[in-house]
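Below you'll find the structure, written out as structure tokens, and then a few comments.
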Amino acid sequence: MLTSGGDSPGMNACVRAVVRTGLYHNLEVFGIVRGYAGMIEDDIQPMNSRSVANIIQRGGTILKTARSKEFRTPEGRKKAYANLRKRGIDGLVVIGGDGSFNGAQVFSNEFDIPCIGIPGTIDKDIAGTDFTIGFDTAVNTAVEAIDKIRDTADAHDRLFIIEVMGRDAGYIALHSGISTGAEHILIPERKTDIEAMLRSLEEKEKRQKLVNLVVVAEGDDFGGGNEVSKIIRERLPNADVRVCILGHIQRGGAPTCLDRVIASRMGYSAVECLIEGRHNVMVGIVNNRMHYTPLDKAVKATQKISEEWLKIVKILAS
Ligand code: ATP
């Protein structure tokens with residue numbers, strides 16, 4: 001088992017579930033340190049029940065994570081396979097994003113080793129699952145931070161532009177923006193009509209509606225928080241505008257109950273898949289049931305953002 005790509009809170013709960021389910025079935029379980037890089041460098045440790053004690057509540061990943069250029073080469077993957085072979089490892093669980101699943105797919109095609117993917121990413125942008133491990137924690141961290149910003153914004157009648165994570169997906173922005181009562185939410189899935197937003201802010205300024213919050217995903221097509229605040233300052237010189245980029249705070253911290261539960265369910269299911277011979281799939285949850293997607297279909301996917309949600313934002317901020 002390895003964790004790969006960007007870390008996300010709940011990965012540890014998942015590692016724990018994989019180890020303990022494996023041991024329950026009398027399997028030998030190994031933890032590969034620093035993702036595919038550790039697999040190539042032979043940084044592989046046997047895991048027992050105690051190695052995953054007291055980690056369910058911790059963010060990050062005890063296995064560490066990394067990105068590996070060498071694993072993209074046939075030579076690198078050959079070395080990695082040799083290290084698995086010499087320990088008799090005959091199945092791989094990869095916790096990570098779609099890039100990590102691509103790597104797993106290539107590896108299993110080359111060496112006939114069954115791989116199971118588990119979606120661990122705060123962005124929630126993977127096809128074949130309603131949840132990814134870490135999204136709920138990240139979005140709740142963003143909400144907590146935005147609530148605090150709202151207090152100070154309100155005290156000074158300031159307009160805060162808050163940038164949240166999401167290079168390609170706006171789920172963190174959308175969920176955190178709705179639940180903190182943002183006036184505008186800018187997301188990569190939708191072309192940003194900056195003129196319409198400026199008109200709306202101007203109109204609200206005229207009728208003295210207190211506008212506190214605009215939430216922007218870092219990957220919005222107009223730009224991140226700094227670009228948005230720049231144009232607002234230029235066009236609405238009376239507005240007292242501040243920017244806050246939440247950044248990596250969104251990746252850390254204790255996982256929420258939801259993330260711990262889905263991480264445990266997915267970790268358990270991944271081991272069951274290996275045992276049952278359901279190979280090269282990503283384990284997901286759809287409509288609260290386990291759902292299995294072939295690894296090559298578990299790609300980055302921006303699930304369609306519901307028009308209704310965007311309407312809600314507009315109506316509730318009026
Ligand atoms: P996140 O979305 O959080 O960034 P990710 O899993 O998508 O996570 P990537 O950096 O895209 O992160 O991929 C992780 C690692 O998977 C890469 O560093 C590389 O080692 C391996 N990998 C990705 N694509 C391939 C590929 N086509 N062939 C071999 N290995 C790959």
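Does the range 117-124 include one or more residues that are away from the ligand (no atom under 14 Å from the Cβ) and outside any loop (DSSP other than H, G, I, E, B)? Scanning the range 117-124, I find no residue that is away from the ligand (no atom under 14 Å from the Cβ) and outside any loop (DSSP other than H, G, I, E, B), so the answer is no. Across the range 254-279, the qualifying residues are those that are touching a helix residue (DSSP H, G or I) at 6+ places or on another chain (Cβ under 6 Å) and assigned to a loop (DSSP other than H, G, I, E, B), and the one among them that is surrounded by the most Cβ atoms within 10 Å (Cβ to Cβ) is P255. Residues in the range 288-318 that are over 16 Å from A173 (Cβ atoms) and open to solvent by less than 60 Å² (accessible area, probe 1.4 Å) were compared, and the one that is farthest from the ligand (Cβ to nearest atom) is M290.
Among the criteria (1) within 12 Å of the ligand (Cβ to nearest atom); (2) farther than 15 Å from V271 by Cβ; (3) among the hydrophobic types (A, V, I, L, M, F, W, C), the one A53 does not fulfil is (1).
The residue of the range 96-117 that is farthest from A66 (Cα to Cα), among those that are open to solvent by less than 40 Å² (accessible area, probe 1.4 Å) and of a type in the set (G, A, S), is S108. Please enumerate the residues belonging to the range 15-40 that are in a helix (DSSP H, G or I) and within 14 Å of the ligand (Cβ to nearest atom). Across the range 15-40, the qualifying residues are G35, Y36, A37, G38, M39, I40.
Table: residues versus (1) modelled with pLDDT under 95; (2) open to solvent by less than 60 Å² (accessible area, probe 1.4 Å).
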| site | (1), (2) |
| --- | --- |
| G5 | yes, yes |
| P9 | no, yes |
| A13 | no, yes |
| V18 | no, yes |
| L23 | no, yes |
| L27 | no, no |
| N54 | no, no |
| G60 | no, yes |
| A66 | yes, yes |
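Of the residues that sit in the range 77-100 and are free of Cβ contacts under 8 Å to residues at least 40 places away in the same chain and outside any loop (DSSP other than H, G, I, E, B), which one is nearest to the ligand (Cβ to nearest atom)? Selected residue: R77.
For (1) closer than 23 Å to R251 by Cβ; (2) charged (D, E, K, R); (3) under 19 Å from the mean Cα position of the chain (by Cα), each residue gets a yes or a no:
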| site | (1), (2), (3) |
| --- | --- |
| Y24 | no, no, no |
| G35 | yes, no, yes |
| E41 | no, yes, no |
| G91 | no, no, no |
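The condition (being within 30 Å of C115 (Cβ to Cβ), surrounded by fewer than 20 Cβ atoms within 10 Å (Cβ to Cβ) and in contact (Cβ under 8 Å) with a residue 24 or more places away in the chain) is satisfied by just one residue among I285, I231, I194: I285.
The values are calculated or read from the model by the stated rules, or taken from the named source; none is laboratory data. Quick caveat: nothing in here was measured; it's all calculated off a predicted structure. Because the Cβ atoms are built from the backbone with ideal geometry, glycine has one as well, and the counts that use them run over all protein chains shown. Heavy atoms of the whole protein, side chains included, go into the accessibility calculation; ligands, DNA and RNA do not. Shrake-Rupley method; radii C 1.70, N 1.55, O 1.52, S 1.80 Å.
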